[in-house]
Amino acid sequence: MLGKIALEEAFALPRFEERTRWWASLFSTDPETHVKEITDINKIRIAHADKHGVGYQILSYTAPGVQDICDPKEAQALAVEINDFLAGEIKGHEDRLGAFATLSMHNPQEAATELRRCVEQYGFLGALVNDTQRAGPDGDEMIFYDNADWDIFWSTLTDLDVPLYLHPRNPTGTIYDKLWADRKWLVGPPLSFAQGVSLHALGMVTNGVFDRHPKLQIILGHLGEHIPFDMWRINHWFEDRKKALGLAETCKRTIREYFADNFWITTSGHFSTNTLTFCMGEVGADRILFSIDYPFENFDDACSWFDNAELNLVDKRKIGRDNAKRLFKLKGYKDSEASVAH
């Protein structure tokens, strides 16, 4: 399929090359290639895109990013640096590249202000946040954004009419020590990523974020971080127990209704037609977006799978590009309507 749009596509600041190389050595079979790809903005990844029919990519700073910095001033300074750098790197490539803002999430008003600056000054298409913000003198505190203190931030997103991508980060501090240290091979895609983000997303649902901000749009990667697979059970549990659980005022609709109105999921790093088809049944093709998770995953695996997936052409167009065009109000990006499948 030509003209695909991908929106969980990571980059890193070149000045952190040594740190990036060390990080890549922990998981990559080819750390040097990973370093080259993740520090590139507008050359290697555009060449990959040309080869595999990707017309547009929305870039975001790699996890854990600013959410791993517990000092508020340091986190804010790095977020501003990242946003200014990315804006400069995509300039002149606006038909191929867009951006999500990087935000320090220590302070809701500060995050809202930086988001507005990035959207209004640079034309960024929303923000990507790597789950909870590390905080506290020892970095062991976790800031969630699912309480009323964060309403100014959520109001800013809806006022700007842009979404937030809630992306995972690795567990840290005593959480890591207690839950993951003795089973560290489950950190990341096998389990911890989905566990962290699904907790945060369902916390937003049950703590009333979407009742207070009904137009808010949240994107979850990796085919929904396991939530679609538990949708029936979650919905069933809440149906008759809302009052007993104290949720009558903060979770007024069903989980399915929130997913129909407030959530999108992407195919990032999850290239299974059986799983995608299941999610289409649970959340609908209108709420699913193609993505790669580059460079942690590669263009060939993602695009070859999607281009050859046995989906009807209407749904393939929706997931591959049309849903993203609608969500981000995209015009003028490099799109080819001449072909839907290679």
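For region 297-314, which residues satisfy the criterion of being among the aliphatic types (A, V, I, L, M) and open to solvent by 20 Å² or more (accessible area, probe 1.4 Å)?
Result: L311, L313, V314.
Which count do you get for residues in region 139-179 that are within 22 Å of F328 (Cα to Cα) and among the small types (G, A, S)?
1
When only residues in region 3-24 that are modelled with pLDDT of 95 or more and aliphatic (A, V, I, L, M) count, which is surrounded by the fewest Cβ atoms within 10 Å (Cβ to Cβ)?
Checking each candidate, the answer is L13.
Would you mind stating whether L78 is of a type in the set (A, V, I, L, M, F, W, C) and open to solvent by less than 10 Å² (accessible area, probe 1.4 Å)?
For L78, the condition - of a type in the set (A, V, I, L, M, F, W, C) and open to solvent by less than 10 Å² (accessible area, probe 1.4 Å) - is not met.
Considering every residue within region 157-176, establish whether at least one is buried (at least 21 other Cβ atoms within 10 Å of the Cβ), closer than 29 Å to D84 by Cα and acidic (D, E).
no
Would you mind telling me which numbered condition in (1) part of a helix (DSSP H, G or I); (2) more than 26 Å from T277 (Cβ to Cβ); (3) among the polar types (S, T, N, Q) S198 fails?
Condition (2) is where S198 drops out.
State all residues of region 278-326 that are outside any helix (DSSP H, G or I), over 13 Å from T267 (Cβ atoms) and over 19 Å from the mean Cα position of the chain (by Cα); if no residue qualifies, say none.
E310, N312, listed by residue number.
Just need a number here: residues in region 278-296 that are open to solvent by 10 Å² or more (accessible area, probe 1.4 Å) and either touching a Ser or Thr at 6+ places or on another chain (Cβ under 9 Å) or touching a residue at least 24 places away in the same chain (Cβ under 8 Å) (or both).
Summing the residues that are open to solvent by 10 Å² or more (accessible area, probe 1.4 Å) and either touching a Ser or Thr at 6+ places or on another chain (Cβ under 9 Å) or touching a residue at least 24 places away in the same chain (Cβ under 8 Å) (or both) in region 278-296 gives 11.
Quick one: T158 ticks every box in (1) in contact with a His (Cβ under 6 Å, 6 or more places away or on another chain); (2) closer than 29 Å to E297 by Cα; (3) not charged (D, E, K, R) bar one, so which box is it?
All conditions are met except number (2).
Looking at region 34-67, which of the residues that are open to solvent by 40 Å² or more (accessible area, probe 1.4 Å) and in contact (Cβ under 8 Å) with a residue 24 or more places away in the chain is farthest from the chain's Cα centre (by Cα)?
Across region 34-67, the extreme among qualifying residues is K51.
Output the residues belonging to region 201-222 that are open to solvent by less than 20 Å² (accessible area, probe 1.4 Å) and not in a strand (DSSP E or B).
Passing the criteria: A201, G203, M204, V205, G208, V209, F210, H213, L216, G221.
Answer yes or no as to whether R317 is open to solvent by 80 Å² or more (accessible area, probe 1.4 Å) and touching a residue at least 40 places away in the same chain (Cβ under 8 Å).
yes
Of all residues in region 223-256 being of a type in the set (G, A, S) and either in contact with a Phe, Trp or Tyr (Cβ under 6 Å, 6 or more places away or on another chain) or assigned to a helix (DSSP H, G or I) (or both), which is surrounded by the most Cβ atoms within 10 Å (Cβ to Cβ)?
G224
Do we have V66 as out of contact with any Gly (no Cβ under 6 Å at 6 or more places or on another chain) and over 29 Å from F306 (Cα atoms) here?
Here the answer is yes, as V66 does meet what is asked.
Out of R96, R117, I need the residue that is closer than 30 Å to D315 by Cα and under 21 Å from the mean Cα position of the chain (by Cα). Which one?
That would be R96, the only listed residue that is closer than 30 Å to D315 by Cα and under 21 Å from the mean Cα position of the chain (by Cα).
The values are calculated or read from the model by the stated rules, or taken from the named source; none is laboratory data. Just so we're clear, the structure is a prediction, and the values are computed from it rather than from any experiment. Note that each Cβ is placed from the backbone with ideal geometry, even for glycine, and that neighbours are counted across all protein chains shown. Areas reflect the complete protein model, heavy atoms only, side chains present, ligands, DNA and RNA absent. Shrake-Rupley method; radii C 1.70, N 1.55, O 1.52, S 1.80 Å.
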